[in-house]
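Participant: Questions regarding the structure given below will be posed in turn.
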Amino acid sequence: MTKNITILLLLFSVSLFAQKTYKNADKLFEQMRYVEAAAVYEKAIDRGDNSMVLLQKAGDSYYFNTNMEEAYKWYDLLVSQYRDEVDAEYLFRFAHSLQGIGDYKAAKKWMKAFAKASTKNDRRIDDYAQKERTLADVLAIPAQFELKNLSINTAYSDFGPAYYGNKLVYSSAVDTSYYIKRRYHWNDQPFLDFYIGQINAAENEVKREKIFSKVINTKYHEATIAFTNDGNRIYFTRNNYDVDLKRGEDGISHLKLYTAVRNDSLDRKDDWSDVHELPFNSKDYSTGHPTLSEDGSKLYFVSDMPGTIGATDIFVVDILGDNTYSTPRNLGPKVNTSGREMFPFIAKGVMYFASDGHLGVGGLDVFESNMDNDLFSDPRNLGKPLNSKLDDFGFIINEEGEQGFVCSNREGGVGDDDIYAIQRIAPEDVLNDCKQLVKGYVINARTQERIADATVSLYGENGVKLSETVSKRNGDYVFNFDLDCAEQYDIKVNKLGYTPNSKNIVTSSISSETVVPLDLETLSELIVEDGGLLKIKVGIIFFDLNKDYIRPDAAMELNKIVTLMSQQPSIEIRIESHTDARADDNYNMELSQRRAISTKNYLIRQGIAKERILSAQGFGETQLLNVCSNGVQCDEVQHQINRRSEFIIEKM
């Protein structure tokens, strides 16, 4: 999420880098004045400093302010220049920035790279390795909600909705004459305060009424609030503040949780008093984002306190009365990851929360997890369109579980972070005339290259084949007839040289296209697709000058083919031998033929049946791969490209 909301996410202390160089920029960064820090770092890069640390900081200055386009720009340079040195966490951030600009194909690749590179005990590794659930599966989750942007949204940040009877209390950085000169250095926007608005009868619009409370609002940040069931007590998030900002040893004014009680006296009706902070706060870490259990006996909140698994975790305390609470308990690795978990909300035995550590569509996604006391089920992503390629958070829903609100900095909004009304989609309302078009593409799981001429088959839930098609040159496929919505289907894909694969899908509950990417793994890393042909790719088969006998180094490469053909007894091949153009044409043709036959005979001597080698043919210099033909001056490297043996798979 952008701008002011990020204050409340990442005032949860981000402890990064303290370098001797660029001390002023580092100080700005550590104070989370990211806009100013980014400008200084970029000037240094423009002057020629492309060091790993500086590129990291430039990317982070935008990443933590959720400007994913600029974050991608610097992370892309970082990863391209320092791929083998950069910490795995930067592969994670790079993948997130790719999601933020909508490049899901590349994001998937770098999610897997992060999972492979990380050596931590990190829940994200399993999610981002995508062995059981892939990014494509998340993107294919059927739509569950419709969204509507609220008229109360401003050009700044509006977020953190909470029900207060039939009203909505939320946080906003709306600029007023009182605050016009009070700007926060993080993003040069006004500080946050609570406002209250009336929810309309349809629960899809809110009319701004007034500032929530002059007692609760201060000249610094207040955001995210929770009310007890009787509405007489609140818990809310505020900067560490007492007349002026207080800072911890790291120089950061951390967030704290406060509580207040409603004052019902006639002269102060609807105002609040007895404002005090909770006893487990600290000046050295942050606490915030409160929500209450349905019975009001527990307070859930977000913190980066000692014992946190990731950047921010969700914790819980028992409310004991008289401003006493139990020791905070971490909800554990089922919910919390090495990333950020925040904005919890509880309704009907389900906890909703935002996370960038579980596999999602974009930055922060909304998840749900069933609760049984302090036990939680595996979180489930709520899918698109509720979640977008940017940040989605602050989800709340009414008692009926049909309508609510969510916050997002997605494209098309009014300001930075906007509040959206949400309406759960009722399947019976959309299925009558609902039709689905299923399409997708086939890719090589290892290289991410598109695969042409793969056979893609569609099966109904009862196992009956409904349709079959072949992927096009660019790997795309489509089933050219309408399918039912909210139905389960199986898609199977296969091609010569690849391990067959299948994927179970559930079509969306609204008329739309369901896009299903399909992966194919080659039977061996030695099998590659080249120019529409399957080939066994080994190292160069070297021959001595004008000779055709198999050298020891060539035998090592040919033995790889022997091993593969022994493991895959159905493979049948053609052998082709080629020379460069440096000799008489007829001589080269004869030499290549002798080398092809010598190669064939070697494979046979190693136990490969001669019937499995369909041909061994020399082509001389008739199939050059570059311009180095007769009379053209080329160096040795260019000539070497043309001297090659190829092993083409004809049958498997």
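Participant: Please list 3J(HN,Hα) in residue order for segment 293-304, calculated via the Karplus relation 6.51 cos²θ - 1.76 cosθ + 1.60 where θ = phi - 60°; whole Hz, with x for glycine and proline.
Facilitator: So the Karplus estimates, Gly and Pro as x, are 5, 4, 8, x, 8, 10, 10, 9, 7, 10, 7, 10 Hz.
Participant: Tell me the accessible surface of Asp365 in square angstrom (1.4 angstrom probe, heavy atoms of protein chains only), to the nearest ten.
Facilitator: Looks like 0 Å² after rounding.
Participant: Please report how far the C-alpha centroid of segment 461-527 lies from that of segment 97-119, rounded to the nearest whole angstrom.
Facilitator: 23
Participant: Figure the gain on full extension for Thr455 and Glu411 (residue separation times 0.36 nm, minus the Cα-Cα span) and round it to one decimal in nm.
Facilitator: Computed gain between Thr455 and Glu411 is 12.1 nm.
Participant: So, R0 is 41 Å and r is the distance between the beta-carbons of Ser377 and Thr327; what FRET efficiency does that work out to, to 0.05?
Facilitator: 0.95
Participant: Right, here's the next one. Consider just the alpha-carbon atoms of the chain and return their Rg together with their Dmax, both in angstrom.
Facilitator: For the chain, the Cα radius of gyration and maximum Cα-Cα distance read 30.9, 109 Å.
Participant: If each residue of separation counts as 0.36 nm, what is the full-extension length gain between Lys148 and Asp295 once their alpha-carbon separation is subtracted?
Facilitator: Length gained between Lys148 and Asp295: 49.9 nm.
Participant: A further question follows. Please give the length that would be gained between Arg446 and Leu526 if that part of the chain were fully extended, namely 0.36 nm times their separation in residues minus their C-alpha to C-alpha distance (nm, one decimal).
Facilitator: Separation in residues times 0.36 nm, less the Cα-Cα distance, equals 27.6 nm.
Participant: Return, ordered by residue number, the residues of segment 528-566 whose backbone nitrogen is under 17 Å from a label point located 7 Å along Cα→Cβ of Ala609.
Facilitator: 562-566
Participant: Next question, about the same structure. Where does the chain land at 222 nm, in deg cm²/dmol rounded to the nearest 500, when only DSSP H runs of n ≥ 4 count, each adding -39500 (n - 2.57), divided by all residues?
Facilitator: It lands at -6500 deg cm²/dmol.
Participant: Identify all lysines with a Cα-Cα distance to Lys600 below 29 Å; exclude those on the same chain that are fewer than 8 residues away in sequence.
Facilitator: Lys495, Lys535, Lys537, Lys547, Lys560, Lys610, Lys651
Participant: Further question: In what sequence, largest accessible area first, do Thr622, Thr455 appear using a 1.4 Å probe?
Facilitator: Output order, biggest surface exposure first: Thr622, Thr455.
Participant: Would you check the accessible area of Met652, probe 1.4 Å, heavy atoms only, in square angstrom rounded to 10?
Facilitator: So the heavy atoms of Met652 present about 50 Å² to solvent.
Participant: Within segment 597-620, which residues have the backbone N less than 14 Å from the label spot 7 Å out from Asn559 along Cα→beta-carbon, could you tell me?
Facilitator: Only 603, 606-607 fall inside the zone, counting backbone N under 14 Å.
Participant: Can you give the accessible area of Ile597 in Å² (nearest 10), computed on protein heavy atoms with a 1.4 Å probe?
Facilitator: For Ile597, the solvent-accessible surface is approximately 70 Å².
Participant: If I model a spin label as a point 7 Å beyond the Cα along the Cα-Cβ vector, how far apart are those points for Ser51 and Val627 in nm?
Facilitator: Computed distance between label sites Ser51 and Val627 equals 4.4 nm.
Participant: Using heavy-atom solvent-accessible surface (probe 1.4 Å) with all chains present, what is the largest-first order of Thr218, Thr447?
Facilitator: Thr447, Thr218
Participant: List the lysines whose Cα sits under 19 Å from the Cα of Lys148, skipping any in the same chain fewer than 8 residues away.
Facilitator: Lys167, Lys207, Lys384, Lys389
Participant: Got a sec? What order do Met68, Met589 fall in by accessible area at 1.4 Å, biggest, i.e. largest, first?
Facilitator: Most to least solvent-accessible, the answer reads Met589, Met68.
The values are calculated or read from the model by the stated rules, or taken from the named source; none is laboratory data. Just so you know, these numbers come straight off a predicted model, no measurement behind them. Every residue, glycine as well, gets a Cβ built from its backbone with ideal geometry; the counts of neighbours run over all protein chains shown. Accessible surface areas use protein heavy atoms only, side chains included; no ligands, DNA or RNA. Shrake-Rupley method; radii C 1.70, N 1.55, O 1.52, S 1.80 Å.
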